[in-house]
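Worksheet: the structure to be examined is printed underneath.
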Amino acid sequence: MAKFPALMAICAVVCGLVTLTAGHTYKTGECPPVEPMNDFEMKKFTGVWYVIQKTGTASTCVIYNITKSEDPGEYDIEQRSQRAPLSVGPFKHEYSYTGKLTATDRDVPARMTARFPLSVAGSAKFVVFMSDFETYAGVFSCQKIPLGHRQSATILSRTRDLDKIYVDKIRNRLASFSVDPFDLSIINQTGCPKEGEAGWNIHVDTNTFSAKNIANVFRKAGEKIGDGFEYAVNAGKKIYNQYTDSSNEHGATTTNNGHRAERLTVSQDAEWLP
């Protein structure tokens, strides 16, 4: 019987990775010439952003968290889906996907490159084309692939909702760049789990490739299931899962220029494979 929850966990991981790799549309030709905004300051852009609309995704409760990396000119961008369109038994679950933003042009700081661990096509252009830093932002990413490109546009807000005047302003700007705003999906930001709520936590980042991790999938699942468990599951990436009834679980929060900058944390006993 212990094997059944393990199979559910692995199924959740696979389905979750499919969700994480969504959010783009595929087009022929070159990437559209989306112009970066003027007077961009990355320091003001860091922190938590709620995704209001995004190209072609069924995810809900999507959040971006942008924080300064230890490396000069690099930032971590964490895309978190607090409730994915998947139900596995009674569990709640949260997907987190962390990539790197790199400033490639000091004279045009709003133009960057983004790299995520599940992107087999490599890095993508990442452009902030408008933002007031306090309320809204519009970002566009594009990646060249054989016979065309794949693109994604995102409308961001510092809160879980955004006035229509800002949404329309960003969509109109996208249209001016020949990016179809009707490719964007509305992201449901209501009824989202609270920070640190117990349940599934599945994380993919840039430091997770390990043959040892893959070998430990079933061993860890077998050891931990049935205990009020926490175990690591790997499908080419480090992915962690924790289930607990403890009320001591919480997320660490810091502040960047008045904007929350959070790190996904679970209990102090949560397990990360090397």
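Below is a table of values for the structure above.
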| read-out | value |
| --- | --- |
| Label-point separation, Ser69 to Ile145 (7 Å along Cα→Cβ), nm | 2.3 |
| Label-point separation in nm, Arg160 to Phe182, each point 7 Å along Cα→Cβ | 3.1 |
| Trypsin sites (Lys or Arg not before Pro) within region 96-147, DSSP loop, no more than 10 other Cβ atoms inside 10 Å | Arg106 |
| For peptides 174-184, 149-159, sequence by mean Cβ density within 10 Å, most packed first | 149-159, 174-184 |
| Count of lysine pairs in region 24-186 with Cα separation under 25 Å (8 or more residues apart, or interchain) | 29 |
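Just so you know, all these numbers are worked out from the coordinates, no wet-lab data involved. Since we're looking at a predicted model, the values are computed, not measured. Ideal geometry is used to build each Cβ from the backbone, glycine not excepted, and the neighbour counts take in all protein chains shown.
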